[in-house]
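Comments concern the structure below.
The values are calculated or read from the model by the stated rules, or taken from the named source; none is laboratory data. Since the model is a prediction, treat every value here as computed from it, not as a measurement. Glycine gets a Cβ as well: all are built from the backbone with ideal geometry, and neighbour counts include every protein chain shown.
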Amino acid sequence: MYIQKLLDGQGKIAANNQIAQSMWNKGIYMAQCIRKWGGHFIHIGKLPVHYQGKHMKIKSLLDDEDFTEDCKAWLW
């Protein structure tokens, strides 16, 4: 929708504000995201990769095999 609105002659800010409000009922932050994603798609040809939540910041003790085995032994 964003690219189509640009091709129809609507300005970038007006287009992304209208899409953010009509599709998600969101404000300026979502409009900025739409503009960023649209620009990336125009230059690269695909949407940017989303990495939120894909990398653990803290490793769990349960991932350690020795700790898991010690817990099982203690429970027995």
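Quick one: would you say His50 is modelled with pLDDT under 85, under 30 Å from Tyr2 (Cα atoms) and out of contact with any Gly (no Cβ under 6 Å at 6 or more places or on another chain)?
Details: modelled with pLDDT under 85: yes; under 30 Å from Tyr2 (Cα atoms): yes; out of contact with any Gly (no Cβ under 6 Å at 6 or more places or on another chain): yes.
So His50 fits the description; yes.
Criterion first (in a loop (DSSP other than H, G, I, E, B) and surrounded by 10 or more Cβ atoms within 10 Å (Cβ to Cβ)) does Lys5 satisfy it? No, not satisfied. Scan the stretch 19-61 for residues that are part of a helix (DSSP H, G or I) and either within 30 Å of Cys71 (Cα to Cα) or not aliphatic (A, V, I, L, M) (or both) and the total you get is 15.
Residue count for the stretch 20-65, restricted to those that are charged (D, E, K, R) and surrounded by 10 or more Cβ atoms within 10 Å (Cβ to Cβ): 4. The residue list Ile58, Ile34 contains one member that is among the β-branched types (Val, Ile, Thr) and at pLDDT 90 or above, which is Ile34. As for the stretch 52-71, it holds no residue that is in contact with a helix residue (DSSP H, G or I) (Cβ under 9 Å, 6 or more places away or on another chain) and closer than 26 Å to Lys12 by Cα.
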